[in-house]
1. Using a 1.4 Å probe and counting only protein heavy atoms, arrange Met1, Met134, Met253 so the residue with the most accessible area comes first.
2. Name the most mobile residue of Ser127, Ser41, Ser192, meaning the one with the largest mean-square fluctuation, in a Gaussian network model of the chain with Cα contacts below 10 Å.
3. On a 0 to 90 degree scale, rounded to 10, what angle separates helix 219-229 from the longest Cα axis of the chain?
4. Once R0 is set to 25 Å, what does the formula 1/(1 + (r/R0)^6) return for the Cβ-Cβ distance between Glu264 and His160, expressed as a FRET efficiency to the nearest 0.05?
5. Ignoring ligands, DNA and RNA, what percent of the accessible area of the chain is carbon or sulfur (1.4 Å)?
6. Whole-Å semi-axes of the stretch 167-281's equivalent ellipsoid, largest first, each the root of 5 times a Cα gyration tensor eigenvalue?
7. Sort out for me the Cα centre separation of the stretch 1-69 from the stretch 210-251, rounded to whole Å.
8. Taking Lys25 as the anchor, which lysines have their alpha carbon closer than 20 Å to its alpha carbon, excluding any fewer than eight residues away along the same chain?
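The values are calculated or read from the model by the stated rules, or taken from the named source; none is laboratory data. Nothing here was measured: the structure is a model prediction, and the numbers come from that model. Heads up, the Cβs are rebuilt from the backbone with ideal geometry, glycines too, and the neighbour counts pull from every protein chain shown. Just the protein is used for accessible areas: all its heavy atoms, side chains included, with ligands, DNA and RNA removed. Shrake-Rupley method; radii C 1.70, N 1.55, O 1.52, S 1.80 Å.
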Amino acid sequence: MNILILGSGGLLGKYLVKTLGMKRKIFATTHKELNILDSDSYYNFIKKNKIDVTINCAALTNIYKCENNKEEALKINAYAPAKLSLISKDLNVKFIHFSTGFVFDGRKESEYCEDDIPSPQTLYGYSKYRGEEMIIKENQNSLIIRTDEIFGYADFVPGHNVIGFTIKHILEDKPVALYDIYTSPTYALDLSKKIDEIFQKNIDIDGILHIVNRGKFTYIQVAKMINKILKKDIEINVRNDELNKNLPKNCSMKSIRLNSLNLEELPDFEDALKRCIKEFL
């Protein structure tokens with residue numbers, strides 16, 4: 001199986017390359033090597049390298065940038081992936097794309113499931129939801145994996161990998177300021193292993209699938225957990241800025257589809273967090 005990983009220089013991309021590359025031929029490209037806005041280059045790359053599966057990790061995930069650059073957010077998170085999914089369909093290539101809990105309005109008390117109705121409250125969430133709609137319209141065999149707050153030991157850029165960034169700050173005895181909203185943080189290693197399992201079992205899934213570590217936590221709760229695990233007492237503050245009023249208060253998710261596919265959910269978040277912290281030590 002030949003797998004193309006778009007956006008392989010990012011957090012999830014790096015874990016996917018390492019996990020999937022153990023048993024398969026991986027073509028790992030960064031945005032400089034293969035830009036998702038260049039559909040002709042994508043077509044030629046697929047044809048030349050006989051790609052079987054494309055995993056699109058490329059996205060504009062910085063919420064601040066999305067709010068101030070609507071057209072750019074839509075291009076990267078919706079229009080371009082939809083075009084790539086259509087090309088993939090024409091070339092008989094499986095197309096896998098990632099979305100987010102930000103597609104929901106945050107008013108539900110419990111975790112969101114695959115059959116809950118999206119109603120994004122931010123331009124970031126809107127661009128990702130438009131991407132879901134357009135990809136499925138162009139290629140119904142596409143798989144869209146909704147996950148949330150991916151974390152791991154990589155990509156410590158402001159606006160990305162918030163939990164990894166928090167671990168790093170607490171280890172350096174620096175105070176942190178975080179939004180007090182609920183999420184289902186997902187360890188990039190666990191997500192990569194689940195995708196590997198899907199390939200190993202040769203399960204052909206299409207449509208929407210939620211894959212997150214089990215549990216529902218606010219970022220403040222997560223920071224307190226990190227403090228406790230590391231035996232620290234670093235100052236934790238609630239972030240309250242202009243963007244905060246539009247953020248969904250609950251982005252947490254769970255899956256009702258995994259069980260129907262005879263696939264187990266990811267491990268509990270607390271377990272995943274402890275394993276991830278070991279990467280930092």
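1. Numbers: Met1 100, Met134 45, Met253 5 Å².
From most exposed to least exposed: Met1, Met134, Met253.
2. Result for the chain, Cα springs under 10 Å: Ser41 fluctuates most.
3. So the helix axis and the longest Cα principal axis differ by about 70 degrees.
4. Details: r = 28 Å, r/R0 = 1.12.
After rounding to 0.05, the efficiency reads 0.35.
5. On the way: 6200 of 13010 Å².
Answer for the chain: carbon and sulfur cover 48 percent of the accessible area.
6. Values: eigenvalues 177, 68, 20 Å².
Over the Cα atoms of the stretch 167-281, the ellipsoid semi-axes are 30, 18, 10 Å.
7. Using only Cα atoms to place each centre, the spacing works out to 29 Å.
8. Qualifying lysines at Cα under 20 Å: Lys14, Lys47, Lys48, Lys50, Lys94, Lys193, Lys194, Lys201.
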